[in-house]
Each structure stands twice: as C-alpha cells, then as structure tokens.
Protein chains: 2
Amino acid sequence: MNYCSQCGGKVVLRVPDGDNRPRHVCLSCNTVHYSNPKIVAGCIPVWDNRILLCRRAIEPRYGLWTLPAGFMENGETTSEGAERETMEEAGARIRIGELFSMIDVPQVQQVHVFFRADMLGPELDPGPESLEAKLFTEEEIPWPEIAFRTVEQTLRWYFEDRRNGSFGTHTGAVRYSRRSGS
Amino acid sequence: MNYCSQCGGKVVLRVPDGDNRPRHVCLSCNTVHYSNPKIVAGCIPVWDNRILLCRRAIEPRYGLWTLPAGFMENGETTSEGAERETMEEAGARIRIGELFSMIDVPQVQQVHVFFRADMLGPELDPGPESLEAKLFTEEEIPWPEIAFRTVEQTLRWYFEDRRNGSFGTHTGAVRYSRRSGS
C-alpha cells in the first residue's frame, strides 16, 4: 500500500495511537488502513459415496485437484459462499450440511472453512476456473495431485470420520517453511 | 474507496473481465481491489464454572457486556487471535479449547468465531478497551446488557450444552433489519 484509498495522500507504516502494531496510516487525512485475514469457503460435495473434486484451470496450482472453494464475498454467509463456489467451479447443485473443518493458514492470512454437502444430482458443468470436475471414490482420490494442504487434511478427516460412522467438526492450522502457497 | 492504494490513481466500481461482481478497479494501473469479510475471534473463558465478560469502554455498544473478542490480525491463527484479545481486554491468561461457535453476520461483512477456554487463574487486569472485566454465573449474566447478538447466542448455546453435559460446535447467522451493529 502506497497511497490512501480515501484521499489519495501518501501512507506510511506506523503504530497508531492506542494501537500495538504497525498499520498503513495516511499522512494527509490520518485514516488508518487495516488489513485482515480472508476466509476461503468451500465444501465436500458427495454423490453416491463419491466426492466431487475440480481440477484447477487457474494459478496457483494449475492442473491440480481441489474441493470447490474460494474467497468468501461481502454480503454472503460462509455456507452461501461455499454453495456459490461449488456452482461456479463445478456447476453442481448441492445442499449444504454441517461445518466440517476450519483450518488456519496464517502465513498467507487465510482461514479455510469446509462444510459437508449433499449433491442434488450427478450433473456437472465446470466453469472457466476448472479444467474438469469429477466424482471420486476414496480409493480413486489423486492424493499426490491435491492442490492445497487444507483440502488434503479435510479429505483425510472426512474419510476417517466416515469409517468411524460419525462426522465431527475439525480444526487445525497449516504452517509451512519453504513450499509456497497453502 | 476513491483512490488506488498502489498508484494513487482514480478508481471506479466496475465488473472486471472474467469476474461477476463490481470491484474497485484503478483507471491508471488496472489493479483490482477486493474487499472481503473479516473474522472476529473470541472465546468463552471459564473459571470455577463462571464466565468472563468484559464491559466495553469503546463504541459500538459502549458500556455493554461482551465475551472477549476482536478482529483477527494477519499472521495469527483464529485461536491465537482469541487468546490475544482475551489478554488485551481482560488481562486473563487462558488455555484455548475447542471451536464452539461460528456465526455469520453478512450485513456487516463479519464472521464471529468463539472457542471454549479455561482460565489459568482468576486474576483479571482489564485493558483500555474495557471498563471492567468480571466473572458471572449463569444466573448473573446481564442478558439485556449483552453487546452483540453473536455473543448472546454463543452464551445461550454454551449454557444449553453445559446442562446437557456435552459441548458441540454450533453455527448460525445473524440477520437484522433495523437495529444497527451486530
């Protein structure tokens, strides 16, 4: 951030009065500009015991597989965001279920949230962000080609809970050293 | 938003190519500026079956009672944010437990997340954002003076689960018509 989005003046990084960490503060109008983590909302769409994955047509992780998910938008709820992303990326109609996982990814200022979801039919119509969308049994999941660690962790928890016959809500954090992205 | 935070140019609200909703786009450098919901992270600190509440010394809801909570910061996890807010607002040392509630507040672009927490001692030292911090039994909770609906809902779920002898993870959304804030 170089300029104030309110008045166009120059901003500097400084600790505002009464605060305890550096923020972008405008030298002209004194507006303090905050930056906070973003929510990525997604789901685990299921049809006939198979899981819906999408192969990414965009960076990062072009060509790798993910659960449908994306940045939550203003004005929607987390579950509405997950439903919208599933329609946009896979063209799948779903009924959102319980919250299944919430995983912090502090190094990229994100929190990933996944809900369980029932597909209302097997029809798929992947959008421009997906190369393809496909249903997988547990045995067919392409583990080495999963795009994000939060998705891999969520899928592992999902299959574990399914084997145990009872679904919970799982939380965790992904921290990484060298590998970029999440 | 009036000016581009990258180059200082004028921004307009328009739907970028390949997008489906209006964003602030810079007319000079074409940067697209996104705005997304923020996470408010908090907890339910418990000492000797009593719940810690803080009386707000800041707007909105000056003078009303809340669970310790605040905007999650970049670089921290949701539970780290909840722990930091509890220290800042109440001076209470805690051990964060399980995720207890996640409540969407779409009209103010927020998602409120509360964890269960055990206090490590009864000592309190409220910071400048709190008029006071105090432990309450269920019977003592000042229901008409609770600052936010997400806090009231979380407390009601908490006491219900405690009576049932088992704590779950709860989700919901707060939508309001006339009353401002959340």
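Rounded to the nearest 20, the Cβ-based charge dipole of the stretch B:1-102 about its Cα centre (Lys and Arg +1, Asp and Glu -1) stands at 360 debye.
Computed extension gain for A:Ser28 through A:Glu145, at 0.36 nm per residue and net of the alpha carbon distance, reaches 37.2 nm. Derived scalar couplings between HN and Hα for the stretch B:118-126 equal 9, 6, 8, x, x, 5, 10, 8, x Hz in order, rounded to whole Hz, by the Karplus curve 6.51 cos²θ - 1.76 cosθ + 1.60 (θ = phi - 60°), x for Gly and Pro. The shape of the stretch B:1-137 comes out prolate: with a ≥ b ≥ c from the C-alpha gyration tensor, a/c is at least 1.5 and a/b beats b/c.
Per residue of peptide B:165-172, the mean number of Cβ atoms on other chains within 10 Å of the residue Cβ is 3. For the stretch A:44-89, the dipole from Cβ point charges (+1 on Lys and Arg, -1 on Asp and Glu) about the Cα centre works out to 320 debye, to the nearest 20. The C-alpha atoms of chain B define a longest principal axis, and helix B:149-164 lies at about 40 degrees to it. Highest average first, the peptides B:152-158, B:101-107 ordered by how many other beta carbon atoms sit within 10 Å of their residues are B:101-107, B:152-158.
In this simple spin-label model, placing a label point 7 Å from the Cα along the Cα-to-Cβ direction at both B:Val12 and B:Glu160 gives a separation of 5.0 nm. Projecting the Cα atoms of A:Ser79, B:Ile44, B:Tyr158 onto the dipole axis of the protein assembly as shown, where Lys and Arg carry +1 and Asp and Glu carry -1 at the beta carbon, places A:Ser79 farthest toward the positive end.
For the chain pair A and B, buried accessible area totals roughly 3400 Å², probe 1.4 Å, rounded to the nearest 100. Just to be sure I understand: of the beta bridges DSSP finds with both ends in chain A, what percent are antiparallel, rounded to 5? Here the antiparallel bridges make up roughly 65 percent for chain A.
Ordering A:His170, A:Asn2, A:Pro68 by Cα displacement along the dipole of chain A toward the positive end leaves A:Asn2 in first place; charges were set at the Cβ atoms of Lys, Arg (+1) and Asp, Glu (-1).
Accessible surface for chain B, divided over its residues, is 47 Å² per residue with a 1.4 Å probe.
For the stretch A:60-74, a drop of 30 Å² or more in accessible area on going from the chain alone to the assembled protein chains (1.4 Å probe) is found at A:Met72, A:Glu73, A:Asn74. In the stretch A:106-182, carbon and sulfur make up what percent of the accessible area (probe 1.4 Å)? Whole-percent figure for carbon plus sulfur exposure: 43. Note on the stretch B:13-33 and the stretch B:120-159: Cα centroid distance 43 Å, given to the nearest whole angstrom. Count, for each residue of A:104-110, the Cβ atoms from other chains sitting within 10 Å of its Cβ, then give me the mean as a whole number. The shielding value for this peptide is 4. B:Arg95 sits among other residues whose Cβ lies under 13 Å from its own Cβ, and their net charge, with Lys and Arg +1 and Asp and Glu -1, is -2. When only Cα pairs below 8 angstrom with a gap of at least 6 residues are kept, the stretch A:49-182 shows a relative contact order of 30 percent. Relative to the dominant Cα principal axis of chain B, helix B:78-90 is inclined by about 60°.
The values are calculated or read from the model by the stated rules, or taken from the named source; none is laboratory data. Note that the structure is predicted; figures quoted are calculated from it, not measured. Every residue, glycine among them, receives a Cβ derived from its backbone with ideal geometry; neighbour counts consider all protein chains shown. The accessibility values were calculated without ligands, DNA or RNA, using every heavy atom of the protein model including side chains. Shrake-Rupley method; radii C 1.70, N 1.55, O 1.52, S 1.80 Å.
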